[in-house]
Amino acid sequence: MNKAKPAYGMVLLDTATFALAIVGAYLLRFQTSLFPPPTQRIRLEEYLVLLALTLPLLYLFVGAAGLYRAKLREPFLTQFGSLIGALAYTLLGLITISFFLRGLPESRLTLLLIGLGAVVLVPGARYLVYRVRPPQVGVALVGREEERRLVRERLELLRGSIWRVVGEAEESSQIGAGRIDAVVFCGTPSEDELARLEQVALDRRARLILLPASGLLVAGVLRHELVAGLSALSMASGEDLAALEAVRRVEDLVIGGLIFVLTLPLLLLGMLMVRLSSPGPIFYFHQRVGKGGRTIRLIKLRTMYVGAELPPELREEFARSYKLSRDPRVTPLGRILRKTSLDELPQLINVLRGDISLVGPRAIVREELEKYGVWGKLLTSVRPGLTGLWQVSGRSELTYPERVQLDIYYIQNWSLWLDLSIILRTPLALIAGRGAV
């Protein structure tokens, strides 16, 4: 495949969306009554000149971030962080050009609208393209069979993943012919093996990815640094992790509070549906395991008949996954609430109270902790979430071991960008209704 073709398309897409941000900001500011009338009239042509002077900066910074070639074949979350940084530099350049060149518009309100429009439109358009035509990254797994199997299963678990295993080998010299985009070594290579891997990756024009035997299954955030001139990975300190938790709390209060206000009409609709479904209370309180292993009470809309008990013939199925594909205790309207997850909207109150986070691992009952085995302590090191990787990856379609792996993966790879990605993907998962019971 010619890698230059999608780059040209992205250049055109970025040009169109950035131009739309500037023209849209002009129209909002000067052609509507949403804002106070300007002190002087500014022509659209002046903003088009500003656009023409800024576009080279956009191409420069976005291209320097690898977003017209190399990073187009990476997960969108990786692209998104780099794109926001490139846009920030571009907008800084736009402001500088506007203020230092005579005859160009310098309305601060319009520049703010341009910035907001660019941050929404440019990544948004790229995301739509990514969803319609996701890149495919062919990887060759190298290493012992057992370690390759663990990596293969993890890649298969991540539904919608761009990674595709196209070959496997015990040693790098055994990798078959054909195109590969990445060589993934599963294990810890010797110095000689590392040199051979680097040469193979260079010859095949592929990335080299090293996955230690543990799969980097470490409780915490890893970072790269130099120790006595040697490349090393270090784990964040307790103080660093506390800072990350503080960021998550701010995220919960700001984004969670906004979502609560926006979804309040849906919550009232759900409460009405419960009242119409069957006699009994509107809310249901259930106990789950929270951070530090303490017991928390989560609020949900009641979806079951009051006093309904699980039939004996279904108890074995429920014990396996704590889910039922067809639960006779659920009311007809309750099934709609569960299908759309409207029954979980009251848990936004738990988010604001600090019982759970907006995004996190699943909130489980105490009996489920044993299914996490050695990872139970790690699971309770963070607050559970209202949504999470499990919510956007199939929900009840997942097996229990898959749910465990997704929860552990989230904890070990937490970032603000990961949370924002999950929040943006959750409405799509709810609309699709895949895996809801």
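None of the figures in this text is laboratory data; all of them are computed from the coordinates on show. Small disclaimer: the values here were computed from a predicted structure and weren't measured. Glycine gets a Cβ as well: all are built from the backbone with ideal geometry, and neighbour counts include every protein chain shown.
Here are the numbers for the structure shown:
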| quantity | calculated |
| --- | --- |
| As computed over the range 74-168, the Cα convex hull volume per residue (Å³) | 119 |
| For 370, 153, order by how many other beta-carbon atoms lie within 10 Å, fewest first | 370, 153 |
| By average C-beta atoms within 10 angstrom, highest first, the peptides 171-178, 338-345 | 338-345, 171-178 |
| Efficiency of FRET from Cβ geometry, residue 20 and residue 400, R₀ 41 Å, rounded to 0.05 | 0.35 |
| Largest-first ellipsoid semi-axes for the range 137-215, taking √(5λ) over the Cα gyration tensor eigenvalues, angstrom | 18, 15, 10 |
| Rounded if a/c under 1.5, otherwise prolate or oblate - the range 44-98, Cα gyration tensor axes | prolate |
| Given charges at beta-carbon only (K, R positive; D, E negative), |dipole| of the range 137-215 in Debye | 480 |
| Paired Rg and Dmax values of the range 240-432, which use every Cα atom, in angstrom | 16.5, 50 |
| Extension gain from residue 78 to residue 369, taking 0.36 nm per residue of separation minus the Cα-Cα distance | 101.5 nm |
| Trypsin sites (Lys or Arg not before Pro) within the range 38-99: DSSP coil, no more than 11 neighbouring Cβ in 10 Å | 41, 43 |
| Protection proxy ranking, peptides 45-56, 282-293, average beta carbon neighbours within 10 Å, highest first | 45-56, 282-293 |
| Separation of the residue 306 and residue 254 label points, Cα + 7 Å toward Cβ, nm | 4.3 |
